[in-house]
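Engineer: Following this message is one structure expressed as structure tokens.
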Amino acid sequence: MSNPNAYGTPVSDTAFPADAETKRKAEGKARYEAKLLGKKYHAPVDYSMLEDTTARNQRLDVASMVGKTVIVPAGSGMGKRGRGAGFYCKDCDLTYKDNLQLVEHLNSKQHLIATGQSGEVKRANVEDVRLRLRMLSHRKRQRDEEERKAWQLDLGVRLKEREEIDAKEREGKEAQAQ
């Protein structure tokens, strides 16, 4: 029997609770059996807790790192795990040497599960399509109006704005010279 600790609760003789220990043993057994079959073990995933996969909100910006110098910690160039030289996925803690590997990883099941997505795509209904088309037409109208305003500016107004900018630049140069 276990002895009580300073708080009056019994102390167990094992480091893990019984259910965590059995879970750890079951996973070890599953890993061993997969290895015997020559397969790779993947932990089971509860897909009911994951959200449907959604489209990315922004474009992938892999060109932003071109021509930049990044200091990499010593010994980090070994393998994919952790931050190293290349493209880094913070969700999975993996580094990829080129942008094609990164894009393939971002579309992989491993990355989707790490970000809480199931890999299943929700089928759009008619109302979703109508809302999307309305949003796109509204965005196009706004862009067209901005272009029209840019072309409708009077030449006199544009010249006055340019003279004001030039005057500010001259004042700045005179202030620096003194």
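The values are calculated or read from the model by the stated rules, or taken from the named source; none is laboratory data. As the structure is a prediction and not an experimental result, all values here were calculated from the model. Every residue, glycine as well, gets a Cβ built from its backbone with ideal geometry; the counts of neighbours run over all protein chains shown. With ligands, DNA and RNA removed, areas are computed over all heavy atoms of the protein, side chains included. Shrake-Rupley method; radii C 1.70, N 1.55, O 1.52, S 1.80 Å.
Engineer: Mind ranking ASP154, ASP98 by accessible surface for me, highest first, 1.4 Å probe? Mind showing how you got there, number by number?
Structural biologist: Working: ASP154 95, ASP98 65 Å².
Ranked list, largest accessible area first: ASP154, ASP98.
Engineer: Here's a follow-up. Given H placed on each backbone N at 1.01 Å, which residues far from TYR96 in sequence or on other chains put an amide H within less than 5 Å of it?
Structural biologist: The answer is PHE87, TYR88, CYS89.
Engineer: Still on this structure, please answer the following. Residue by residue, what Karplus-based ³J(HN,Hα) values in Hz, rounded to whole numbers, does region 126-138 have, using 6.51, -1.76 and 1.60 with θ = phi - 60° and x for Gly and Pro?
Structural biologist: Result, ordered by residue: 4, 5, 4, 5, 4, 4, 5, 5, 4, 4, 5, 5, 5 Hz.
Engineer: Also, quick follow-up: How much length, in nm to one decimal, is gained on full extension between GLN110 and LEU155, taken as 0.36 nm per residue of separation minus their Cα-Cα distance? Please report the intermediate quantities before stating the final value.
Structural biologist: Values: separation 45, 0.36 × 45 = 16.20 nm, distance 5.71 nm.
Roughly 10.5 nm would be gained on extension.
Engineer: For LYS29, list the aspartates and glutamates whose Cα falls under 19 Å from its own Cα; do not include residues on the same chain fewer than 8 positions away.
Structural biologist: In chain and number order, the partners are ASP19, GLU21.
Engineer: Which entries of LYS25/LYS97; LYS23/LYS109; LYS68/LYS173; LYS109/LYS140; LYS68/LYS168; LYS39/LYS122 show an alpha-carbon separation above 26 angstrom in the structure shown? Display every interim value, and only then the final one.
Structural biologist: Numbers: LYS25/LYS97 36 Å; LYS23/LYS109 24 Å; LYS68/LYS173 31 Å; LYS109/LYS140 35 Å; LYS68/LYS168 33 Å; LYS39/LYS122 31 Å.
Where the Cα-Cα span goes over 26 Å, the pairs concerned are LYS25/LYS97; LYS68/LYS173; LYS109/LYS140; LYS68/LYS168; LYS39/LYS122.
Engineer: Put THR22, THR69, THR53 in order of accessible area, largest first, 1.4 Å probe: what do you get?
Structural biologist: Numbers: THR22 85, THR69 135, THR53 30 Å².
The most accessible residue leads, giving THR69, THR22, THR53.
Engineer: Under a cut-off of 15 Å between alpha-carbon atoms, report the aspartates and glutamates in cross-link reach of LYS160, not counting same-chain residues fewer than 8 places apart.
Structural biologist: GLU169
Engineer: Pop a pseudo-label 7 angstrom from the Cα along the beta-carbon direction at both GLN101 and LYS140 and give the gap in nm to one decimal.
Structural biologist: 4.2 nm
Engineer: Can I ask one more? Residue by residue, what Karplus-based ³J(HN,Hα) values in Hz, rounded to whole numbers, does region 21-32 have, using 6.51, -1.76 and 1.60 with θ = phi - 60° and x for Gly and Pro?
Structural biologist: 5, 5, 5, 5, 5, 5, 5, x, 5, 5, 4, 5
Engineer: Across region 57-64, in residue order, what do the Karplus-derived ³J(HN,Hα) couplings come to in whole Hz, using 6.51 cos²θ - 1.76 cosθ + 1.60 with θ = phi - 60° and x for Gly and Pro?
Structural biologist: These are the phi-based 3J(HN,Hα) values: 7, 9, 6, 6, 10, 7, 7, 5 Hz.
Engineer: Further, regarding this structure: Pulled fully out, how much extra length does the chain show between ALA124 and THR54, if you take 0.36 nm times their separation in residues and subtract their Cα-Cα distance? The partial results should precede the final answer.
Structural biologist: Numbers: separation 70, 0.36 × 70 = 25.20 nm, distance 1.15 nm.
Contour length minus the Cα-Cα distance gives 24.1 nm.
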